[in-house]
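J.: Dropping a structure here in structure tokens format, bear with me for questions.
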Amino acid sequence: SHPRDFTRDIVDAIDRTQSVCNQVHLPVQSGSTAVLALMARQYTREEYMRRIEWLKSSRRQIALSTDIIVGFPGETEADFEDTLRLLDEVEYDSIFSFKYSVRPNTPALSLGDHIPEEEKGRRLAILQERQRGIQLRLNAKLVGTIQEVLVEGFNSKSGQWIGRTSQNRVLNFT
């Protein structure tokens, strides 16, 4: 869902409804309020973090995923650092991360200060490495636990079943 449309009553509904999975995808795009304004996202970092607080205070363990774009026109090093701090604060279970690329018929076309491709690549690598550490730490906490799994199939080559936990984590098991 779009963060501006994500309200507290959605978290309450997740808490009340056992058949809803314990996972929410809430695309932030950037951890910088200035970049969010350039993107016309219609929310600030603080408003986004309020939604994260609602999710983290839920009675259920809700896994969080997001989308992040690095190298948006005008993104400064300080803006990028804001995004890295956001990763550390939220501790997403997973992210979908991308380098900004020009899209036809978007407001960003008229923006100047395009970030060089090499710099976008550098930022993406740093972001993904930071997230990899977070995911390793979060996944390590699950070792030895029992999880409910929706079995999606069997891989005959590996001899393993494939499924997803209620937090949308992919799981291979025998």
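J.: Å³ per residue of the Cα convex hull, for region 1-57?
T.: Value for region 1-57: 72 Å³ per residue.
J.: Find the all-direction average of the projected area of the Cα convex hull for region 1-109, expressing the result in square nanometres with one decimal place. Kindly include the intermediate steps, with their values, before the conclusion.
T.: Values: hull surface 27.8 nm².
Computing the convex hull of the Cα atoms and averaging its projections yields 7.0 nm².
J.: Considering the chain as a Gaussian network with a 10 Å cut-off on Cα pairs, which listed residue, PHE96, PHE154, PHE72, attains the greatest mean-square fluctuation?
T.: Maximum fluctuation in the GNM of the chain, among the listed residues, is at PHE154.
J.: Suppose R0 equals 41 Å. What FRET efficiency, 1/(1 + (r/R0)^6) with r the Cβ-Cβ distance, do SER58 and ALA108 give to the nearest 0.05?
T.: With a Förster radius of 41 Å, E is 0.75.
J.: Let me ask something else about it. Using a Gaussian network model of the chain whose springs link C-alpha atoms within less than 10 Å, name the residue from LEU26, LEU111, LEU36 with the highest mean-square fluctuation.
T.: For the chain, modelled as a Gaussian network with Cα springs under 10 Å, the answer is LEU111.
J.: In whole percent, how big is the carbon plus sulfur part of the accessible area of the chain, probe 1.4 Å, protein atoms only?
T.: 54
J.: Which residue fluctuates the most in the chain, going by a Gaussian network model with Cα springs under 10 Å, if the choices are VAL151, VAL24, VAL11?
T.: Result: VAL151 has the largest fluctuation of those listed.
J.: Can you tally the net charge around GLN42? Count Lys and Arg as +1, Asp and Glu as -1, for every other residue whose Cβ sits under 15 Å from the Cβ of GLN42.
T.: With Lys, Arg at +1 and Asp, Glu at -1, the net is +2.
J.: Right, next: Which of the aspartates and glutamates could be linked to LYS99 by a straight reach, that is with a Cα gap under 14 Å, when you skip same-chain ones fewer than 8 residues away?
T.: Within reach: ASP67, GLU75, GLU117, GLU118, GLU119.
J.: Given the C-alpha atoms of region 41-174, compute the convex hull and give its volume per residue in Å³.
T.: 164
J.: Tally Lys and Arg at +1 and Asp and Glu at -1 over the other residues with C-beta under 10 Å from the C-beta of ASP15: what net charge comes out?
T.: Around ASP15, the charge tally is +2.
J.: By the scheme Lys and Arg +1, Asp and Glu -1, what is the net charge of all other residues having a beta-carbon under 12 Å from that of ASP113?
T.: -3
J.: Solvent-accessible area per residue for the chain at a 1.4 Å probe radius, Å²?
T.: Numbers: 9940 Å² over 174 residues.
Roughly 57 Å² per residue, with all protein chains present.
J.: Under the Karplus relation 6.51 cos²θ - 1.76 cosθ + 1.60, θ = phi - 60°, what is the ordered set of whole-Hz ³J(HN,Hα) values for region 60-69, x standing for Gly and Pro?
T.: Listing the rounded values in order: 9, 7, 8, 6, 10, 10, 7, 10, 9, 10 Hz.
The values are calculated or read from the model by the stated rules, or taken from the named source; none is laboratory data. It should be emphasised that the depicted structure is a prediction, and the values quoted were computed from it without experimental measurement. Positions of Cβ are generated from backbone atoms using ideal geometry, with glycine treated the same way; all protein chains shown enter the neighbour counts. These accessible areas exclude ligands, DNA and RNA; they are computed on the full protein's heavy atoms, side chains included. Shrake-Rupley method; radii C 1.70, N 1.55, O 1.52, S 1.80 Å.
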